[in-house]
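Just passing along the structure, written as structure tokens.
Since every read-out is calculated from the coordinates, none of them should be taken as a lab result. A quick note: this is a predicted structure, and the numbers were derived from the prediction, not measured. Cβ placement follows ideal geometry from the backbone for every residue including glycine, while neighbour counts extend to all protein chains displayed.
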Amino acid sequence: MALIGKIRNNSWLLILTLGVALAAFIIMDMTSAGDMGGGGQTMTIGNIAGEDVDWRDFQTAEDILYSGSGADLYERRDFLWEFFVERALMEELSDKMGLGVSETEMEDLQYGNNLSPLIRQRFMDPNTGQVDRNQLAEIRQAFNTNTLDPGLARFWRFQQVEIKTERLQGKLANLTRKSMFTPTWMAEEIEKSKGTTASFDYVNVPFSAVPADNISISDSEIRNHIRDNRRQFERKEESRRVSYVTFEVFPTSEDSLDMINQFNVLRDEFIQTEDDSMFTDMNYGYFDAAYFREDQLSPVMAEKLFSMEVGDVSEPFVNEGNYTLVKLVDRKIVPDSVRSRHILRAVNDPAQMINERNLLDSLINLIETGAQSFDSLAVEFGMDATSLEGGDLGYTAPGAMVKPFNDLIFYNAEPGQLYTITTQFGVHLVEVTDRVYSSNQEGVRFAAIEQPIMPSEETQNEVYDEVLNFISDNRSFQELEESAAQHPRLSVTTSNWLTRNSFNIQGLGANTSSREIVRWAFNRGTRTNNVSPEIYAFQHPNLFYTEKFVVAALRDVQDAGLPSVDAVRSEVEPILLNKKRAEKLVADLSGMSLQQAADQFGQTVQQANDVNLNENFISGLGNEPAVIGALKALSSGEQSNPIIGNSGVFILSVTNKIEPPVVNVTGQVRRQISAAKQNEVNALLMESLKENANIEDARYRLY
């Protein structure tokens, strides 16, 4: 019973348990975390290092980890796929390297002094920031005696696989980090750069100073650039791009008029009601116990409320995208700070809440009769750190306490009176001991009804009909592009490069509709320049109406391997154009002084002071590693040859360079330098393993 009580106090755990229990009726049983396979027909969605991934195993894991979760469907599946990949790679690699996680080590990671980050994250009490050790102990006993709730037991078995995979990754990363070494010469160079600063004059001639009219870029030059930068351009799998036209759905003037009429009816009822709290609840509004100063409200809300009389209800007005009605309930001067004290009693269940409230009622009686002082009772019965100080919380500003406590001491409690209040920390006996009014600012208490300004269903249908006509008249990308160009509200957007399993389209986001566009784009019958016969509807993420319709066309197809010249022409041509411009500028600038270069190209001689040579970023210039590299080789009074940078061609003249007289590199310095690189291992190691592994990702077959 104690374990069930703990689960009830952790809502996510309860949702997880119920969700997994329900899933158990519709998905195959997972008898152990290490055996995720099943008999019967295989529905393979991928292969990782020779190991098939069965869809049913994948779905089982998804139900175990995410049942009841509000996480995005495709994002969580993508995260889960990455876990399957990492688990398979680590199992294969650890077998070859002799790495493992012993039973004793696993016990320690789950319940001991060296808890896994997963356990710390999932079983941390948000109020204290500490792991609930009692809960872990109860789960451990129930799991080892096979008395744990079946759904939670399935989750725990899968979690063991996660913990083992994470631990193996940590061991591999540690081996890799320990193999890294910084030689003395490199450490000396880094330390010398850290201690070296340079001030210099410079001229920066932008690439655009050379007209592009007479510069041509051939296909062979683009092809050579692709080959020279193979790692940047090579793709492991086929990629495609779509172009799309978006039809936004906005509320019409008729929609707004309908809403105003509805709000005018509500206003009459709002004026007559005697129960503002119930009225706002019934009409999806809000009624806050707090008093708000003018600077705590939006300008339009403040203007309305601070010009009203108590009991007045405003006309409907627009506030932050909503039609709004406000009723002024009260106004008064609010304190700038309050001093209070309390006696806190922690509560874990409803029965304990009743007991603790009865206890506080007894304490109130002792204080009010003079039998005991507040201070002494706080020391004896208080359950937080303030009890040693007699429960004194000192002076606090508005909003410093949790809201129920804050509203009580600032707006409702009278100094010297005793009150009880329940918060997320438990039940409190509270007394306000002082209030400070320094600014004498007035606050208003109000009730409000708000409704987002949304297009009606009729308006959404009208836009859909418009899109239907558009798509029937434009059946190729060229027709779609031409029609959009003639329409003032429409434009064509081209997506990022997409793969078969992509679910995030640039400009449209990660969602089911984006995924459906990708699935159509990779359909066997879809050809370049085809326009999808389907109209894709995108819902507002919070208000659940259709906020836009999208018409998509397949723009480009890029096979696995290196791209064609045409596929990357628009990307590569500007790079090669600037390269040729830079070569021309270098030739023209050679032998010139800074002033001659400035006069020749209409620039000015500028200054940069005290630039540290261990940084590539230069204030006023941006990221310019070539400039930093040139400064390292120059001495005070020397002028550089033309330097091709990121933003143009530079000529530098060093006015002052300060270098450390002696560079003393100790073992500790080398270790610090190595540590900076070692910290990058975790992020890069798994990506490197994945890049070199044989992975077939075929999730697109099923979703």
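So what's the back-of-envelope 222 nm ellipticity for the chain, counting only DSSP H runs of four-plus at -39500 (n - 2.57) apiece and dividing by all residues, rounded to 500?
Working: 25 runs with 306 residues, N = 703.
So the helix-based figure for the chain works out to -13500 deg cm²/dmol.
Stretch Asn616-Ser220 to full length: gain in nm at 0.36 nm per residue minus the Cα-Cα span?
Numbers: separation 396, 0.36 × 396 = 142.56 nm, distance 3.31 nm.
Going from the current span to full extension adds 139.2 nm.
Give, as ranges by residue number, the residues of region 158-199 whose backbone N falls under 11 Å from the point 7 Å along Cα→Cβ of Asn664.
none
Using the 10 angstrom Cβ neighbour count as an exposure proxy, how do Lys690, Lys236 rank, fewest first? Please list the in-between numbers first.
On the way: Lys690 14, Lys236 11.
Going from least to most buried by this count: Lys236, Lys690.
Follow-up. Only counting other Cβ atoms within 10 Å, I'd like Leu168, Leu366 sorted with the fewest neighbours first. The partial results should precede the final answer.
Numbers: Leu168 21, Leu366 14.
With the sparsest Cβ surroundings first, the list reads Leu366, Leu168.
Follow-up. Set the Förster distance to 45 Å, then compute FRET efficiency between Thr44 and Ala346 from the Cβ-Cβ distance, nearest 0.05.
That gives a FRET efficiency of 0.30.
Please report how far the C-alpha centroid of region 101-123 lies from that of region 250-302, rounded to the nearest whole angstrom.
51
Starting from the Cα of Asn134, step 7 Å along the direction of its Cβ; do the same at Lys236; then give the gap between the two resulting points in nm.
Using points 7 Å along Cα→Cβ, the separation is 4.8 nm.
Collect residues whose amide H, placed 1.01 Å from N in the peptide plane, falls under 5 Å from the amide H of Thr252; neighbours closer than 5 in sequence don't count.
Amide H neighbours of Thr252, under 5 Å, 5+ apart: Ser456.
Return Arg167, Arg519 ranked ascending by Cβ neighbour count within 10 Å, so the fewest neighbours appear first.
Details: Arg167 22, Arg519 16.
Fewest-to-most ranking of Arg167, Arg519: Arg519, Arg167.
Say the cut-off is 28 Å between C-alpha atoms; which of Lys96/Lys690; Lys96/Lys677; Lys96/Lys236; Lys548/Lys690; Lys171/Lys677; Lys96/Lys164 go over it?
On the way: Lys96/Lys690 17 Å; Lys96/Lys677 26 Å; Lys96/Lys236 26 Å; Lys548/Lys690 37 Å; Lys171/Lys677 17 Å; Lys96/Lys164 16 Å.
Cα-Cα > 28 Å for Lys548/Lys690; rest within.
Let's test the formula: R0 of 35 Å, r as the Cβ-Cβ distance of Asp295 and Met124. What FRET efficiency results, to the nearest 0.05?
Values: r = 36 Å, r/R0 = 1.02.
The formula returns an efficiency of 0.45 here.
Next question. What is the Cα centroid distance between region 504-574 and region 314-374, reported in whole angstrom?
Going from one Cα centre to the other spans 53 Å.
For the pair Val329 and Glu516, what calculated FRET efficiency results from E = 1/(1 + (r/R0)^6), where r is the Cβ-Cβ distance and R0 = 51 Å, to the nearest 0.05?
Values: r = 49 Å, r/R0 = 0.95.
It comes out at approximately 0.55.
Could you check how many percent of all C-alpha pairs in region 256-332 are farther apart than 16 Å? Write down the numbers at each step before the final one.
On the way: 1478 of 2926 pairs.
For region 256-332, the share of Cα pairs beyond 16 Å comes to 51 percent.
Within region 322-344, name every residue whose backbone N is under 16 Å away from a label modeled 7 Å from Cα of Glu309 along the Cβ vector.
327-331
What is the extension gain from Val586 to Ser376, computed as 0.36 nm multiplied by their sequence separation minus the C-alpha to C-alpha distance, in nm to one decimal? Could the numbers behind the result be given before it?
Working: separation 210, 0.36 × 210 = 75.60 nm, distance 8.35 nm.
Going from the current span to full extension adds 67.3 nm.
Determine the gain in length on full extension of the stretch Asn146-Leu543; use 0.36 nm per residue of separation and subtract their C-alpha separation, reporting nm with one decimal. Kindly include the intermediate steps, with their values, before the conclusion.
Numbers: separation 397, 0.36 × 397 = 142.92 nm, distance 4.49 nm.
Gain on extension, Asn146 to Leu543, equals 138.4 nm.
For a label point 7 angstrom out from the Cα of Val402 toward its Cβ, which stretches of region 356-378 have the backbone nitrogen within less than 18 Å?
356-358, 360
Between region 174-188 and region 637-653, how far is it from one alpha carbon centroid to the other, in angstrom?
Result: 33 Å between the Cα centres.
Sticking with this one: By its C-alpha gyration tensor, with a ≥ b ≥ c as the square roots of the eigenvalues, how is region 456-561 shaped: rounded for a/c under 1.5, else prolate for a/b larger than b/c, else oblate? Please report the intermediate quantities before stating the final value.
On the way: a/c = 1.99, a/b = 1.26, b/c = 1.58.
Judged from the Cα gyration tensor, region 456-561 comes out oblate (a/c at least 1.5, b/c at or above a/b).
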